[in-house]
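The values are calculated or read from the model by the stated rules, or taken from the named source; none is laboratory data. Source: prediction; values computed, not measured. Here the Cβ is made from the backbone with ideal geometry for all residues, glycine too, and neighbour counts use every protein chain on show. Side chains included, ligands, DNA and RNA excluded: accessible areas come from the protein's heavy atoms. Shrake-Rupley method; radii C 1.70, N 1.55, O 1.52, S 1.80 Å.
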Amino acid sequence: MAGTVEEYGAGALVPECARARLPSGEAPPAMTVRRSAATLAASAVLCVAVGPVAVAAPSPTPAPATPSGLYGTGDPTYDGVWRQSLALLAQDTVGVKPAAKAVDWLTGQQCDGGAFPSYRADTAKPCDVKLPLDSNATAAAVQALAALGGQDAAVKKSVGWLKSVQNADGGWSYNPGGASDANSTSIVIGALAAAGEKPDGVKSKGGKTPYDALLTFAQPCGGKNSGAFVYQPKQPGIVADSTSAAVLGAHGMGFVATAGAKDAKGTVCEKSTTVEGAAHNGAAYLATALAKTGHLNTAPMPGSEDPTEKPDFGNTADAVVALSAQGLGDQAKKPLAWLEQNSAAWAKGAGPAAYAQLIFAAHAAGTDPKSFGGTDLVAGLNATGPAPQKAAAAEKSEKKDSDSDSGMGVWWIIGVFFIASVGVGFLISGRRKNQQR
């Protein structure tokens, strides 16, 4: 496909063919799913959705300076709040206390009404109607701030806003006013649960719950996407991505999930009308998709000279989390091992959200993220932004100990010389006394 692409989310790409159709400053449509990382398929879906567009080659523009406190060095326009939220949540998950200025950066992005945009460049000005509000960014921020603690007011405002933009079917869209989608609905469920809400008690004006909405995305057994959750009924999108998100949502979980009780049903898709049954079927779909190679793939972009599919690291990591949460830990072992062997370079190139996704996968599967196939994911994540408080405190303590040791070394040397000089004095004095005798 002609034209350039821009990084969106944790490595997903937004093609110029689609960006040309967007009003100035508007976030890309929700079908470019940020939950998955490093997936060109999102671009393909987006281009197909908007149709071909004749676009003049864009003039290169200088990359904006990275705001202080933000994790990652890429342009934060479309994923600033998203990647910051995932980074802080991942740090909290492994017991690392984020830098205060990193938390302040995130809370500073919140609008007065409680919502978060994808990114707000000038936080000195209040949010206006031209700034698109983002349910995904808001839900991700809620999960991070609720986990960190001490941000009750910000969390409450955001949850209030999310409830106010719930669709009649019980779900949520990427931007308020759009049709509900599986990813947005699932991420909001995770936010509600993180904030202490009961998702099944959050009902729309039509009396529908988020779980009612999730069921509308679940596909029946036996079809092309047997048991999967599509992004939207009329827009399947990247099915593995929406399925991973929905399985967690069906369990009332957010990005951080723990292993569930063993699913005795295995990987057989069964007819079901309950959200629990749909979650099982979704996980079964993922297990089947991963069984052959241990990883998911992303399709080539339209017009690409390379027609081969490429490994999709982000969606594979998300699938490990979903399988673990469903109780299909055995089926998660192969993709987890594949990630351990192959994801280091991807995470380093994709940045903080990618490291976070891998940390969530390691956590859900019960493996050590500090020794992930020889890679310390925690150190890698910490290096993409301001030093965490514990790390900074440790460095300060080490420096203090070093200075103390240096000081003691100096005084030890002085003491040795003093003792030596005293000994020499006694020796000389003794000799003189012997000579006088």
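One line per residue, one yes/no per condition, for (1) part of a loop (DSSP other than H, G, I, E, B); (2) farther than 23 Å from VAL239 by Cα; (3) charged (D, E, K, R):
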| site | (1), (2), (3) |
| --- | --- |
| LYS97 | yes, yes, yes |
| LYS101 | no, yes, yes |
| GLN110 | yes, yes, no |
| SER184 | no, no, no |
Just one listed residue, out of GLN166, GLN151, GLN143, is within 14 Å of LEU88 (Cα to Cα) and either more than 22 Å from the chain's Cα centre (by Cα) or surrounded by fewer than 24 Cβ atoms within 10 Å (Cβ to Cβ) (or both), and it is GLN151
By residue number, the members of the stretch 280-327 that are of a type in the set (Asp, Glu) and either open to solvent by 50 Å² or more (accessible area, probe 1.4 Å) or at positive phi (or both) are GLU305, ASP306, GLU309
Screening ASP92, ASP122, ASP134, ASP104 for residues that are more than 22 Å from GLY351 (Cα to Cα) and charged (D, E, K, R) leaves only ASP122
Of the conditions (1) touching a residue at least 40 places away in the same chain (Cβ under 8 Å); (2) within 28 Å of LEU148 (Cβ to Cβ); (3) of a type in the set (Val, Ile, Thr), the single one that THR209 does not satisfy is (1)
Being open to solvent by less than 60 Å² (accessible area, probe 1.4 Å), part of a helix (DSSP H, G or I) and either under 27 Å from TRP105 (Cβ atoms) or not hydrophobic (A, V, I, L, M, F, W, C) (or both) narrows GLY171, GLY207, GLY160 down to just GLY160
When GLY277 is run through (1) over 28 Å from ASP92 (Cβ atoms); (2) open to solvent by less than 40 Å² (accessible area, probe 1.4 Å); (3) among the small types (Gly, Ala, Ser); (4) under 25 Å from the mean Cα position of the chain (by Cα), the failure sits at (4)
Filtering the stretch 300-313 down to residues that are within 22 Å of the chain's Cα centre (by Cα) and either small (Gly, Ala, Ser) or in a strand (DSSP E or B) (or both) yields LYS310, PRO311, ASP312
Taking the stretch 71-95 and keeping only residues that are in a loop (DSSP other than H, G, I, E, B) and at negative phi, one is left with TYR71, THR73, GLY74, ASP75, PRO76, THR77, TYR78, ASP79, VAL94
Selection over the stretch 216-237 where residues are over 22 Å from ASN315 (Cβ atoms) and among the aliphatic types (A, V, I, L, M) yields a count of 0
Inspect the stretch 386-393 for any residue being touching a Phe, Trp or Tyr at 6+ places or on another chain (Cβ under 6 Å), modelled with pLDDT of 95 or more, open to solvent by less than 20 Å² (accessible area, probe 1.4 Å) and not small (Gly, Ala, Ser) and give the result as yes or no. no
Flagged in the stretch 96-119 as surrounded by fewer than 20 Cβ atoms within 10 Å (Cβ to Cβ) and over 26 Å from ALA379 (Cα atoms), in numbering order, are CYS111, ASP112, GLY113
Exercise for review: Determine whether the stretch 256-266 contains at least one residue that is open to solvent by 40 Å² or more (accessible area, probe 1.4 Å), under 23 Å from the mean Cα position of the chain (by Cα), in contact (Cβ under 8 Å) with a residue 24 or more places away in the chain and within 18 Å of ALA137 (Cβ to Cβ).
Suggested key: yes
From the option list SER186, SER244, single residue qualifying as crowded, with 18+ Cβ neighbours inside 10 Å, in contact with a Leu (Cβ under 8 Å, 6 or more places away or on another chain), among the hydroxyl-bearing types (Ser, Thr, Tyr) and under 26 Å from TRP105 (Cβ atoms) is SER186
Within the stretch 112-140, the count of residues that are among the polar types (S, T, N, Q) and not in a loop (DSSP other than H, G, I, E, B) comes to 3
Checked the stretch 131-140 for anything surrounded by fewer than 24 Cβ atoms within 10 Å (Cβ to Cβ) and closer than 20 Å to GLN166 by Cβ; matches are PRO132, LEU133
Flagged in the stretch 263-281 as closer than 24 Å to LYS198 by Cα and touching a Gly at 6+ places or on another chain (Cβ under 6 Å), in numbering order, are ASP263, ASN281
